[in-house]
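**Student:** Structure below; questions to follow.
No lab work stands behind these numbers, since they all come straight from the coordinates. Predicted model, so just to flag it, every value in this text is computed and none were measured. Please note: Cβ atoms are built from the backbone with ideal geometry, for glycine as well, and neighbour counts cover all protein chains shown.
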Amino acid sequence: MNAGAKHTVIKNGRVVSEGEVRVTDVRIEGDRIAAIGPFDGEPADRVIDASGCYVLPGFVDFHVHLDDRIGRFYLADTYESGSRIALQNGITTICSFVTQGPGQSLREAIRIAREKAGGETHCDLLWHLTPTTFAEPDWTDIQEFLASGYRTIKLYTTYKPAGIFADQARLQEVFEKLGPLGATFLLHCEDDDVIAGIDLPPLELAHAFSHTRLRPEEAEVLAVERLLALALRTGARLHVVHVSTSEAASRIRIARETQDVTSETCPQYLWLDHGWLTREDGHRWLCSPPLRGGREAFRDLAASGTFDFFTTDHCAFRCADKDDWDRRDIRGVANGLAGLGALPHLVWRLWSDDPDRAAVEMALRLSRNPAQRAGIGARKGSLEPGFDADVVVLDPNGPDHPVRSSLADAVETYPGFTSPLSFRHVLLRGRPAVAGSQLTSPGEPAGQILQEPV
Ligand SMILES: [Zn+2]
């Protein structure tokens, strides 16, 4: 026992651990979970009463875009503002992206991201890497990064003009070279040939709904199909991001039985459908892949465990930027939706008529599974002795309040959505970080970057 460490006991909560809910206590010593069980009469520096609340491992949002330029626009959320609303809503770790820019080394891109995030992030943080040029020094660099705590490589089967597209030959080369070094590959799956083959009359391009025709379901299904085959041949560890169609989801679920593949979807694909694109301001709901139809069946798939975890693909644009387009071609609209603050509220909804089940699913699909895929599953994502004391005390019966995706002046993705979930306490590595849904020290971001400088 560390004599100088603070002891915290969280008492009488509905503790979610090892796939079960039981009313008990959690004892925290310093920055780690010490034990789970009844702790009557033992001394503690701090006692938190969790009666009537669930006690959960801190959530991990595996897919977040912050403080970056996307196309013509700069994102509305910095590491500070994005991590602030995340932590207020129980997300203790975020995984963001470092993309190698034109004429830039990936090493330089990582350094710039560290400069932006250092001292600014309220959550713990790590990055997925998007290499783009694959020249000789890049390969050597990536090998070094993989050996020093960077474990995930993001690749795209679309977005040629942005310079991030990877064709099948490139994917195969990357899988073969980096797979054996321990990399997990995150794939954005929309087949670029399908998309390039679609031609719409100019008049239709003015309507946001046309985005669903420009990026049809077949593009996702075909990309997933080709990718699963390639990953099977090369033995690549695969994670398919933001799955939007029932067909692709089902194929991945079947493939999961024979190969190492996981998938995520996001609340916008659960709770919003393509009808939002027919609104007068429908362009504000433009994202790729687009919102789709048939969401009830898609939610059934999600509720029955088809997706390993849920993420936001948080990509917040200022209202003025989202509205800045020529009203003739929706392909010029800022492409992405905010969601960080909404994540737990909209995942809970899938099982809200069975709160214990909802809590168990959240511990699995917002904490354990994403932590494992991010390579931090030995220290985060579960309430287990020795793990980081990232702990959420969640009141499922708080007063209904509006869901809020971002604290920036960004388009709200879920207007009119409310939630009864209230975050009574959030602890980050044993330190009280949120009380009553507000940060305890908003001026002192205490998040750690979980990867070493390069
Ligand atoms: Zn994304």
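**Student:** Angle between the Cα long axis of helix 136-147 and the longest principal axis of the chain, 0 to 90 degrees, nearest 10?
**Tutor:** Compared with the principal axis, the helix lies near 20 degrees.
**Student:** Convert each backbone phi in region 264-274 into a coupling constant with the Karplus relation 6.51 cos²θ - 1.76 cosθ + 1.60 (shift: θ = phi - 60°), then list the ³J(HN,Hα) values in order as whole Hz, x for Gly and Pro.
**Tutor:** Running phi through 6.51 cos²θ - 1.76 cosθ + 1.60 with θ = phi - 60° gives 10, 10, 10, x, 5, 7, 8, 10, 10, 10, 5 Hz.
**Student:** Could you work out the relative contact order of region 336-409? I mean the mean sequence separation of Cα pairs under 8 Å and 6+ apart, divided by the number of residues, in percent.
**Tutor:** Once divided by the residue count of region 336-409, the mean separation gives 36 percent.
**Student:** Sort 23, 55, 403 by Cβ crowding within 10 Å, fewest neighbours at the top.
**Tutor:** By the 10 Å Cβ count, ascending, the order reads 23, 403, 55.
**Student:** Per DSSP H run of at least 4 residues, take -39500 (n - 2.57); add these up for the chain, divide by its residues and hand me the 222 nm value, nearest 500 deg cm²/dmol.
**Tutor:** The helix-only estimate for the chain comes to -7000 deg cm²/dmol at 222 nm.
**Student:** Follow-up. Consider a paramagnetic label point 7 Å from the Cα of residue 378 along Cα→Cβ; state which residues of region 412-454 have an amide N under 19 Å from it.
**Tutor:** Output list for this probe position: 449-453.
**Student:** Going by average Cβ neighbours within 10 Å, how do the peptides 43-49, 419-425, 61-67 rank, with the highest at the top?
**Tutor:** Ranked by mean Cβ neighbours within 10 Å, highest first: 61-67, 419-425, 43-49.
**Student:** Taking R0 as 22 Å, what FRET efficiency do you get between residue 230 and residue 254 from their Cβ-Cβ distance, rounded to the nearest 0.05?
**Tutor:** So the FRET efficiency works out to roughly 0.85.
**Student:** Could I have the simple spin-label model distance between residue 281 and residue 172, label points 7 Å from Cα toward Cβ, reported in nm to one decimal?
**Tutor:** According to this spin-label approximation, the distance is 4.8 nm.
**Student:** In what order do 404, 373 fall by count of nearby beta-carbon atoms within 10 Å, going from fewest to most? If you can, show how the numbers build up before the last one.
**Tutor:** Working: 404 19, 373 23.
Lowest count first: 404, 373.
**Student:** Same structure again: In 10 Å bins starting at 0, how do the alpha-carbon pair distances of the chain split up by percent?
**Tutor:** 4, 21, 32, 27, 12, 3, 0, 0
**Student:** What do you get for the angle between helix 246-255 and the principal long axis of the chain? Use alpha-carbon atoms, 0 to 90 degrees, nearest ten.
**Tutor:** 70
**Student:** For region 9-163, treating each Cα as an identical point scatterer without solvent, what Debye log10 I(q)/I(0) comes out at q = 0.09, 0.11, 0.21 1/Å?
**Tutor:** Computed log10 I(q)/I(0) values: -0.44, -0.60, -1.30.
**Student:** For helix 79-88, report the angle its Cα long axis makes with the longest principal axis of the Cα atoms of the chain; keep it between 0 and 90° and round to the nearest 10°.
**Tutor:** Roughly 50 degrees, rounded to the nearest 10.
**Student:** Which links in 160/380; 11/116; 11/154; 116/160; 116/177 stretch past 32 Å when you go from one Cα to the other?
**Tutor:** 160/380; 11/116; 11/154
**Student:** Okay, next question. Could you pull out every residue, at least 5 positions away or on a different chain, whose amide H is within less than 5 Å of the one on residue 154? Hs are placed 1.01 Å off N in the peptide plane, and Pro or chain starts have none.
**Tutor:** Here the answer is 129, 130, 186, since their amide H atoms fall under 5 Å of that of residue 154.
**Student:** If I model a spin label as a point 7 Å beyond the Cα along the Cα-Cβ vector, how far apart are those points for residue 354 and residue 205 in nm?
**Tutor:** Here the answer is 4.9 nm between the modelled labels.
**Student:** Based on the mean of other Cβ atoms within 10 Å per residue, sort peptides 77-87, 249-259, 282-292 so the most packed one is first. Before the final figure, lay out the partial values.
**Tutor:** On the way: 77-87: 26.1, 249-259: 16.3, 282-292: 22.5.
Taking the mean over residues of other Cβ atoms within 10 Å, the ranking is 77-87, 282-292, 249-259.
**Student:** Another question, then. For each of 317, 298, 97, count neighbouring Cβ atoms within 10 Å of the residue's Cβ, then give the residues from fewest to most.
**Tutor:** 97, 298, 317
**Student:** Related question: Through the Karplus equation 6.51 cos²θ - 1.76 cosθ + 1.60, θ set to phi - 60°, convert the phi angles of region 444-453 into ³J(HN,Hα) values in whole Hz; use x for Gly and Pro.
**Tutor:** Listing the rounded values in order: 10, x, 10, x, 10, 7, 7, 10, 6, x Hz.
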